[in-house]
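Taken together, the values in this text are just the output of simple stated rules run on the coordinates, not laboratory data. Source: prediction; values computed, not measured. No Cβ is skipped: glycine too gets one built from the backbone with ideal geometry, and neighbour counts run over all protein chains shown.
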Amino acid sequence: MKVLTKAMTQKMREQAGIALPFQYRSIPMALAEEINRSYVAIPSTQAQNLPRDQVYTAGNITEELTPVVKNERAVISSHASYLSNLFDDTAGMVARFRAKVRHVDFDTLVGTGLSGALAAQLLAQSVSCHFAVVRKSGESTHSNNTVEGVIGKRWLFVDDLVASGETRSRVKTAMQSFCEIYEFESVYVGDYLYYNNTFHAKEDGNV
């Protein structure tokens, strides 16, 4: 009787550089084929002494691996719709951003919250500028700073969209207060809203 244990499969996955929880459907097809070639024969009596969920007969392993052959996309895409540009169209988002702000004079991108932190870093790296994240009110994990990052002389607020303007006002206030502590002047120049790829300059009356 040929059997395959979870421990054996995990070792194969580690050798292949795959640091994921044990799930057959997460195994790439090439590794699945390698597993099929690598059954280890052990006595049936020994197999009977192993926990049932730790042993897979040749028939079971083939059945479990079938989805891998049919579907090579072994990932889970989990995000809110407003983050779709960040996760599903990263290259397109960067290209649109670069085109939209190519004539804007700024040296820093500032975001807040999860989406702002992700977008500010990604977009800042694409144009080789500074970026910072304004913490939400009451958030003090690992630091008491209200702003984390590197701030230059001219900053652009990055967000998915602006509805009431409360988030932008909070970020502007935090940035001004933080810079005053260091007697540093940094000018707010406008907003870039990545969800609909729009830029609003400060003089557009949105402040």
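Can you pull out the trypsin sites (Lys or Arg not before Pro) in segment 75-119 whose DSSP state is coil and whose Cβ has at most 15 other Cβ atoms within 10 Å?
Arg102
How would Tyr195, Tyr182 line up from fewest to most surrounding beta-carbon atoms within 10 angstrom?
With the sparsest Cβ surroundings first, the list reads Tyr182, Tyr195.
For Phe199 and Ile76, compute 0.36 nm times the residue count separating them, minus their Cα-Cα distance, and round to one decimal in nm.
41.1 nm
Quick check: from the Cα gyration tensor, does segment 110-150 come out rounded (a/c under 1.5), prolate or oblate?
Here segment 110-150 falls in the prolate category.
If neighbour count is taken as other Cβ atoms inside 10 Å, put Leu86, Leu109 in order from fewest to most.
Ordered by Cβ neighbours within 10 Å, fewest first: Leu86, Leu109.
Just grab the label-to-label distance for Ser128 and Asp88, each label 7 Å out from Cα along the Cβ direction, in nm (one decimal).
So the two model labels end up 3.3 nm from each other.
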